[in-house]
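First the structure, in the form of structure tokens, and then the observations on it.
Each reported figure results from applying straightforward, stated rules to the coordinates on display, with no laboratory input. From a predicted model like this one, the values you see are computed outputs, not experimental measurements. Glycine gets a Cβ as well: all are built from the backbone with ideal geometry, and neighbour counts include every protein chain shown.
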Amino acid sequence: MARIKDVAKLAGVSTSTVSLVLNNKGYVSAATRAKVEAAVQELHYVPSEVGRNLSLNRTNLIGVIIPDVAHPFFAALLHEIEIALYDYGYKTMICSTGEKKNAELAFLDMLRRHTMDGLIIGAHALHIENYQHIELPVIAFDRYLCDEIPIIRADHHQGGQLAANALLKRHPHHVVQITGAPTVHTTAHEHEDIFAQVIKQASVPLDTIVMPANALQPKDFSIAAREVFERYPDVDAISGTDLGAICALREASRRGRRCPDDLSIVAYDGTYLTRLGPQTMTAVVQPIPTLGRRAAEAIVRRIRHKELPSLQPLPMGFQQGETC
């Protein structure tokens, strides 16, 4: 394998001159540049990416921290972020914090040691104080960390209204909402709060099944769905994130309940899962492709010390299905 010294010897120049040509830095005459480029081609020389990045004080790596890479929403979001970052010239390092102790802190330490250029944080493990006064490129997704760190998110206020109004059109008598743990600091809780306000303002009885913190596996949602029907057998309207809503639909079928005849279900997130079953689910749809692109653009601009894009919450979509 050819080394930079071999290129310099063949071109008749110093290794520093080869470095200038490869990194496109400093002045090198056209004739000398041509000799170096010819030597590189003849020797099939491939520059060390690690060495080049060290000299430029960059890694071209961006970390993305999410709760669970297998969760349908986070998997879809990660897909969009990775594509967008690649288009910007960055590679993605993924950290799924589920069932890993201190994984988020380890990634934050990597950023401090400059082994990555920036972080997009969508996990919920660390206490907020770990991010106070941090002056490194960090973007939060659906999570408040501190006033200095921008948040990328959808309009969950609108999302809560859409979900509640979809169920209210069916004139329910008893609504049950499957919610996330209140100890998790995420702006996505806003849709649950707004949903509850709208349902209560309509004078419809509302109960809640609260998921444990970081319970993101299908089995966790299956347990919650069973609890809905065991605790509230007269329920005739259910709202929850995609996995919760899908598990509720399956549990309802197992108990002889039919949607939308005697039960209405609205999903929140609107991932591909809501369109895979025998019934397309009615769903509030997060704009995942746009969220991913905006998160990528924001972290790249943060790294390059450029003005950030608009951080206004992105509008939600609505999928009219057969479950409500």
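What value does segment 190-274 have for Rg/Rh, both radii from Cα atoms and Rh as Kirkwood defines it? Ratio of gyration radius to Kirkwood radius: 0.94. Length gained on full extension, His305 to Leu43, computed as 0.36 nm times the residue gap minus the Cα-Cα distance: 90.5 nm.
Residues in segment 32-41 carry Karplus couplings, in order, of 5, 4, 5, 5, 5, 5, 5, 5, 4, 5 Hz; the curve used is 6.51 cos²θ - 1.76 cosθ + 1.60 with θ = phi - 60°, and Gly or Pro positions show x.
Seen against the Cα atoms of the chain and their longest principal axis, helix 288-303 is set at about 40 degrees.
For the chain, what is the per residue volume of the convex hull drawn over the alpha-carbon atoms, in cubic angstrom?
It is 161 Å³ per residue.
Excluding Leu162 itself, what net charge comes from residues whose Cβ is under 15 Å from its Cβ, given Lys and Arg +1 and Asp and Glu -1? Here the charged neighbours net out to -4. Between the amide H of Ala237 and those of His174, Val176, Ser264, distances stay under 5 Å, these residues lying 5 or more places away or on another chain, with hydrogens modeled in the peptide plane. Derived scalar couplings between HN and Hα for segment 158-167 equal 4, x, x, 5, 4, 5, 5, 5, 4, 6 Hz in order, rounded to whole Hz, by the Karplus curve 6.51 cos²θ - 1.76 cosθ + 1.60 (θ = phi - 60°), x for Gly and Pro. Other residues lying with their Cβ under 12 Å from the Cβ of Glu227 contribute a combined charge of -2, Lys and Arg counting +1, Asp and Glu -1. Hey, what angle do you get for helix 72-87 against the long axis of the chain, alpha-carbon based, 0 to 90 degrees rounded to 10? Helix 72-87 sits at roughly 20 degrees to that axis.
Distances between placed amide hydrogens fall under 5 Å for Ile209 paired with Gln177, Ile178, Thr179, all partners being 5 or more residues away or on another chain.
What percent antiparallel are the DSSP beta bridges of the chain, to the nearest 5? Bridges in the chain that DSSP calls antiparallel: roughly 10 percent.
For the pair segment 199-244 and segment 250-324, the centres of their Cα atoms are 17 angstrom apart.
This model, with +1 at the C-beta of Lys and Arg and -1 at the C-beta of Asp and Glu, gives the chain a dipole about its Cα centre of some 1160 debye.
Our estimate of slack between Lys91 and Gln197, defined as 0.36 nm per intervening residue step minus the Cα-Cα distance, is 33.9 nm. Among the listed pairs Lys5/Lys91; Lys25/Lys306; Lys9/Lys91; Lys35/Lys306, those with a Cα-Cα distance over 31 Å are Lys9/Lys91; Lys35/Lys306. The sum of -39500 (n - 2.57) across all DSSP H runs of n ≥ 4, divided by the residue count of the chain, sets its helix-only mean residue ellipticity at 222 nm to -13000 deg cm²/dmol. Rounded to the nearest whole Hz, the Karplus-based 3J(HN,Hα) values (6.51 cos²θ - 1.76 cosθ + 1.60, θ = phi - 60°) of segment 135-140 follow the sequence 10, 10, x, 9, 10, 9, with x at glycine and proline.
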